[in-house]
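Structure, as structure tokens:
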Amino acid sequence: MSDARATNPIDTRLGERVRARRLEIGMSQERLAEVLGVTFQQVQKYEKGVNRIAASRLLDISNALEAPISHFFEGLARVRRKGDAPNSLETALTTSGAIEMVKLYAAIESTAVRQRVLELVRAMAGGEK
């Protein structure tokens with residue numbers, strides 16, 4: 001018998017979407033916690049999918065992050081249906097500095113320079129082509 005309160009891949013995905021949006025707008029966990037009236041540790045638990053997010057709390061988060069609730073559910077039907085792990089791009093974007101890196105990369109005007117940056121990062125990640 002499984003615990004009905006236990007988290008599942010959808011809780012993890014929802015938390016990742018919250019983290020991605022928070023990082024996208026440059027808000028700290030501490031600030032989000034302050035707006036929600038919870039501790040930053042609680043925000044961490046929501047973002048990691050350790051604690052489920054109640055509907056009323058998700059509405060508060062949605063308002064704080066200035067995103068419609070539907071934003072947090074995009075792609076969840078596929079996770080439920082296939083039991084897939086969360087989208088790897090979504091997971092990558094929740095890594096500290098990832099959104100800033102993408103914005104800075106996009107700001108590089110030279111195609112040749114962008115290619116060299118990509119090659120450098122690929123080599124640093126151990127995936128030389």
Placing each pseudo-label 7 Å from Cα in the direction of the beta carbon, Asp60 and Ser28 end up separated by a distance in nanometres of 2.0 nm
Sparse-neighbour loop sites [trypsin sites (Lys or Arg not before Pro); segment 1-62; at most 11 other C-beta within 10 Å; DSSP]: Arg5
Difference of contour (0.36 nm per residue) and Cα-Cα distance, Val35 to Glu109: 22.8 nm
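Read-outs throughout are calculated quantities, based only on the coordinates presented, and are distinct from any laboratory measurement. Nothing here was measured: the structure is a model prediction, and the numbers come from that model. Heads up, the Cβs are rebuilt from the backbone with ideal geometry, glycines too, and the neighbour counts pull from every protein chain shown.
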